[in-house]
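A.B. asks: Quick one: the structure is below, questions incoming.
The values are calculated or read from the model by the stated rules, or taken from the named source; none is laboratory data. Small disclaimer: the values here were computed from a predicted structure and weren't measured. So basically every Cβ, Gly included, is an ideal-geometry build from the backbone, and we count neighbours across all protein chains shown.
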Amino acid sequence: MDLLTILSRTFFDFPSMMEVLPQMLATGLVNTVIISLAATLLGTLFGLLLALMGISPSRWLRLPARLYTDLFRGLPSILTILLIGQGLARVSYQLFGPTPYPLGIFALSLIASAYMGEIFRAGIQSVERGQMEACRALGMSYGRAMRLVVIPQGIRRVLPAIVNQFIAIIKDSSLVYLLGLMTQQRELFRVGQDAAVLTGNLSPLMLAGLFYLIITVPLTHMVNYVDVRYRTGRRRLTVPQSGLKEVDEVRPPSGALITHPRIGGNHE
Amino acid sequence: MNNLSSTTDATWHGASLELRELTLAYGPIEVLRKVSLRVAPGSTTCIIGPSGSGKSTLLRGINRLHEPQSGDVLLADRSVLHDKPDTLRLRIGMVFQHFNLFPDHSALENVALAPWRVKGLPKAQAMAIARQRLEEVGLGQRADHRPRDLSGGQQQRVAIARALAMDPEVMLFDEATSALDPELVKGVLTLMADLCRRGMTMVVVTHEMSFARKVADQVVFMDEGEIVEAGPPGAIFDAPQSPRLQRFLSEVL
């Protein structure tokens, strides 16, 4: 057997791919998507909270946010997932029964929120100070100005980074297998891994990899589209108007400034 | 063409504004030193002076975007320094050099936001007020344009409409025309002059000396955080007393 045949049998064995395909779709893909979406949702909410704490005027809100971020951003994902998944197993058992699934999502969202928090914080802080000043000058409170004007703009600016974070979560979701998933709870990687061990062939894992790419690559490219669209909002195309035409938009009543009552020296 | 002549009936009820020995510092640096100033109801005061003289800080001290260290601010003859800043700012409109419009809101939404979400008016009513104000600044046709689709002059007029939608008793203008192309300056100044004519109390920080001369009731020259000279435009521009004002005028005129 030449090298090419060996390689193609090991990695691209079509029959063993087809065999695992139904499981890959019905179990692996579904679970990966559920875990990733749930972790992203929780991570986004908690990340936003962290960001708001991080930019708060109060040191007692900033400090915990800082510590949390340093901790969960600095640890390897695998370590966090194992510590949470096994350490809190007893608590989780009482709440959800004998399944590591919720704990896996929880651990992933803890990690994600540390990154999301930093992304949101950067976005919110990048909004010009003038926006907050304009709000305050109109009589808005800090909180309302943040909620109505500053935060929406900040989030729009970092949407691409948030999508990148979603991609990272999708990939990290494979680590949940460490917690010992039941057959129906397996995600893409675990399905591929099991089949690879059974058949002694890496092709099922290749298929799992292909699935990850099918999800992540379009997302990466969607980022750019989302970026342009959300940054500017819907844009109307207008023919540039000469500044001279604009002069006519404001016409002082009954002629020019000449008739102004205060002009002509009758100052107090 | 929507010009102002159709909608100038509205009059404003400007309140008096008085500063008593207002002192304001950024950390250890004193930016305003015991500034006292009285602005009569419905009158316009222009503040001129070199950069770094504390003109903008004075405006920010009035509506407390920066908190003064000492002194007092009286609005309609009542001290407001102990009011909640948010309550005070409802009564004072402000226009900024760089407009500071909300880029993700249309012109109409920019103007309607505060009446709706701060004053708590029904949305439809806030929108109606906003539309009226936009008409008055000659932008009725552009109500659903976003700021980036408007010229600088148009953006500044939206910003003026936004401040007016809150029915302020005093308007503060912080170099409102400094960021505009020359041909667009006139539209904004015309609007401000008209506002003055219709009874608004205005404090205008400006480099437009001809505007100050024509429209102001009182011109105030500031330097190094103090009011050096104040008086009617004729006195300030034609017969400056202090050497610093003489020097300043010789540089800018």
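A.B. asks: All but one of (1) more than 10 Å from chain A (Cβ to nearest Cβ); (2) in contact with an Asp or Glu (Cβ under 7 Å, 6 or more places away or on another chain); (3) surrounded by fewer than 21 Cβ atoms within 10 Å (Cβ to Cβ) hold for residue B:123, so report the exception by its number.
C.D. replies: (2)
A.B. asks: Next question, about the same structure. Restricting to region B:145-166, what's the tally of residues that are more than 8 Å from chain A (Cβ to nearest Cβ) and not small (Gly, Ala, Ser)?
C.D. replies: 7
A.B. asks: Exactly one of these conditions fails for residue A:57: (1) modelled with pLDDT under 95; (2) part of a helix (DSSP H, G or I). Give me its number.
C.D. replies: (2)
A.B. asks: Now for a separate question. Any residue at all in region B:41-60 that is touching a Ser or Thr at 6+ places or on another chain (Cβ under 7 Å), assigned by TED's automatic domain parsing to the domain that holds residue B:193 and surrounded by fewer than 21 Cβ atoms within 10 Å (Cβ to Cβ)?
C.D. replies: Looking through region B:41-60, at least one residue is touching a Ser or Thr at 6+ places or on another chain (Cβ under 7 Å), assigned by TED's automatic domain parsing to the domain that holds residue B:193 and surrounded by fewer than 21 Cβ atoms within 10 Å (Cβ to Cβ).
A.B. asks: For region B:147-157, indicate whether the set of residues that are over 26 Å from residue B:31 (Cβ atoms) and touching a His at 6+ places or on another chain (Cβ under 6 Å) is non-empty. Step through it out loud before you land on a result.
C.D. replies: Filtering region B:147-157 for residues over 26 Å from residue B:31 (Cβ atoms) gives B:147-155, B:157.
When the remaining residues are screened for being touching a His at 6+ places or on another chain (Cβ under 6 Å), the result is none.
Within region B:147-157, none of the residues are over 26 Å from residue B:31 (Cβ atoms) and touching a His at 6+ places or on another chain (Cβ under 6 Å).
A.B. asks: Only one of these is buried (at least 19 other Cβ atoms within 10 Å of the Cβ) and closer than 19 Å to residue B:156 by Cβ: B:137, B:118. Name it.
C.D. replies: Residue meeting the stated conditions: B:137.
A.B. asks: Is it the case that some residue within region A:136-156 is of a type in the set (Gly, Ala, Ser), in a helix (DSSP H, G or I), within 9 Å of another protein chain (Cβ to nearest Cβ) and free of Cβ contacts under 8 Å to residues at least 24 places away in the same chain?
C.D. replies: yes
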